[in-house]
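Throughout, read-outs are computed from the coordinates displayed, never taken from laboratory work. Note that the structure is predicted; figures quoted are calculated from it, not measured. No Cβ is skipped: glycine too gets one built from the backbone with ideal geometry, and neighbour counts run over all protein chains shown.
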Ligand code: ADP
Ligand code: MG
């Protein structure tokens, strides 16, 4: 028996430390498993120089989505897309998903049909097959777990750990917009709860609301980089926030990094949300999360190609071994790049 005082609440560790804690005694036993825990997806050899990559995510009602403003179609679409994003982050091509759902009996068949319409749309858009899943009842809202499987040539797989000193740090798209969209949706929910006759006013926020409710994975960028002959040296998708992901690349590559404030692109709607809600735009960009953009490093010799790429911004460079991650401000001062990734045990949406 444990003494009550010796027990540790999970929120004392937080998500990342908890994962480290529960996986600490597991070592990879099979020679064909090239990567177990610790990257966007696990990687294992299947023969003929090919590997499969596999990634799984769990979305819980009330934590990851709120059905008072997220249409079930979008929840279904997003549950697939966030997994595919992890497969692309390994520079692999997804081919299938399994989808497991747990739902309480307050859900109707029509509601589950809407969820699956979104899952179907994502499978069509990204060319992946539904491989199976599991179905259960739930006492605590809707839960959706999706596992995505993809394939790649072994030599093409890009890990979080591959970057080198002086590599360029590149970011696709813009960041902070999904977080901005969430703020708008939460505000409209609060208005609605006060006065159910009010219709939500999302005018002027279409882009950021769309980024929150129905994100896309950067399949296009993976294809374009391959076409341009640029092979990232390390890569991760931005789910927990840019600052958190830069720190992951640093930690796993054993290097420092500097990123530049003026290179962090915010969409004009994100800026508008920052102003209206009196939030710091830069912090939204660095820590908002759920962007599902790709953060990757590349060799200096790829500078010209990457610099001319639409939709890719070079935001900094990797530092030396043993250094940490810094943010260089416009005025030339630097500050540690601190990660405040979503911690679902502490900061529930
Ligand atoms: P991502 O944000 O890319 O989905 P996570 O931060 O969720 O990655 O997970 C980081 C790593 O930890 C991944 O390799 C994931 O498979 C692993 N992981 C997360 N939760 C668990 C768990 N409960 N048991 C084992 N491994 C886990
Ligand atoms: Mg990821």
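Please identify which residues in the stretch 184-209 have an amide N closer than 11 Å to a label point set 7 Å out from the Cα of residue 66, following the Cα→Cβ vector. In the stretch 184-209, the label zone of residue 66 (backbone N under 11 Å from the point 7 Å along Cα→Cβ) covers 184-193.
Given the Cα-Cα distance of residue 120 and residue 227 and 0.36 nm per residue of separation, how much length would full extension add, in nm? Before the final figure, lay out each step's value.
Values: separation 107, 0.36 × 107 = 38.52 nm, distance 2.84 nm.
That works out to 35.7 nm of additional length.
Cα-based radius of gyration for the chain, normalised by 2.2 N^0.38 Å, reads 1.01.
Per residue of the chain, the DSSP helices (runs of n ≥ 4 H) give a summed -39500 (n - 2.57) that works out to -10000 deg cm²/dmol at 222 nm. When 174, 86 are sorted by how many other C-beta atoms sit within 10 angstrom of their C-beta, beginning with the fewest, the order is 174, 86.
If a spin label sat at a point 7 angstrom from the Cα of residue 18 along the line to its beta carbon, the backbone N atoms of the stretch 237-275 nearer than 17 Å would be those of 240. The label point for residue 6 and the one for residue 130, both projected 7 Å from the Cα toward the Cβ, are 4.8 nm apart.
Equivalent ellipsoid semi-axes for the stretch 125-260, as square roots of 5 times the alpha carbon gyration tensor eigenvalues: give them largest first, rounded to whole Å.
Working: eigenvalues 235, 99, 49 Å².
Square roots of five times the eigenvalues give 34, 22, 16 Å.
When the chain is treated as a Gaussian network with alpha carbon springs shorter than 10 Å, the biggest mean-square fluctuation among 267, 11, 156 belongs to 11.
Label separation (residue 203 vs residue 305): 4.7 nm, computed from points 7 Å beyond Cα along the C-beta direction. Could you work out the percent of alpha carbon pairs in the stretch 1-67 separated by over 13 Å, rounded to a whole number? I get 77 percent for the Cα pairs in the stretch 1-67 exceeding 13 Å.
Applying 0.36 nm per residue to the separation of residue 333 and residue 165 and subtracting their alpha-carbon distance, the gain on full extension is 58.3 nm. Residues 231, 106, arranged from fewest to most other Cβ atoms within 10 angstrom of their Cβ, appear as 106, 231.
Which of 227, 263 has the fewest other C-beta atoms within 10 Å, and how do the rest follow up to the most?
Numbers: 227 8, 263 14.
Fewest to most other Cβ atoms nearby, the residues stand as 227, 263.
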